[in-house]
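Scroll down for the structure; my scribbles are underneath it.
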Amino acid sequence: MEAARTLGRALAKAGIGLVYGGGALGLMGETARACLAAGGHVTGIIPEFLIREEIMLEGVSELVVTANMHERKMAMFEASSGFCALPGGIGTLEELVEVATWAQLGQHVKPIIVANIGGYWDPLMELFDHMDGEGFFKSSTRVRIDAVDDAAQIVPMFEKRLKIRRQPDWTPDKLAKRI
C-alpha cells in the first residue's frame, strides 16, 4: 500500500495524470486517492456493470463509464501515454500482457513498467526469459518491459522512456504527460 501511495504522490508532483480502472479498492484505489490528495489529476474509467459490483472511487477528476470491459481497456489505452503494473491479480496480469502484445504487434511504443515490489513480478519476467530461450520471441519482437524495484523509480522511468520514444505522426498533444 505504501508503494501505491508513493506512486500517487509522485505522479501528482510531476504533473502526470493517472488513468486507471475507477475503483476505490486495492492498490490502484490507494494510488488514485494519494494522487488526488497531492493535487493530481485522476481519470477513472469503469464499465457500467462494475459500478454495481465494485466500489467506485468518488471524487475523481474525470469519470468515464463504458459499456463493457473491452471498451474500458480501449479507453484506458487511448487515454494513456504509458502503463505501469503494480502487484496485482489476474486482471492486472491480463491487462499487462495485452498491452505488451499490442507493443509486440507494433500497435504502440508506449512505455510498459512493472513495479516489481518485493520481487512480485520476478516469476513473470522469468517466464518471458524462458519463452525467449525457447524461441518464442525474435529479437525484433521482444517487447521492452522495464522493471523497477521501488515505487519512487516509476515516474523517473516514465519520464526517461517518454523522452526517448519517437513516432513520426506524434504531435505535442499526443505526448501529453498522462499515464
Checklist entry - Within the stretch 15-35, is there a residue that is farther than 21 Å from Ala115 by Cα and either in contact with a helix residue (DSSP H, G or I) (Cβ under 9 Å, 6 or more places away or on another chain) or at pLDDT 95 or above (or both)? => result no
Checklist entry - How many residues, within the stretch 95-138, are in a helix (DSSP H, G or I) and surrounded by 13 or more Cβ atoms within 10 Å (Cβ to Cβ)? => result 14
Item to check | Of the criteria (1) modelled with pLDDT under 95; (2) touching a helix residue (DSSP H, G or I) at 6+ places or on another chain (Cβ under 8 Å); (3) not polar (S, T, N, Q), which one Glu54 fails | outcome: (2)
Checklist entry - Do we have any residue at all in the stretch 54-64 that's out of contact with any strand residue (DSSP E or B) (no Cβ under 8 Å at 6 or more places or on another chain) and outside any loop (DSSP other than H, G, I, E, B)? => result no
Checklist outcome for this item: Residue count, the stretch 15-74, condition acidic (Asp, Glu) and buried (at least 17 other Cβ atoms within 10 Å of the Cβ), comes to 2
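The values are calculated or read from the model by the stated rules, or taken from the named source; none is laboratory data. Computed from a predicted structure; not experimentally measured. In this analysis, Cβ positions are derived from the backbone assuming ideal geometry, glycine residues included, and neighbour counts consider all displayed protein chains.
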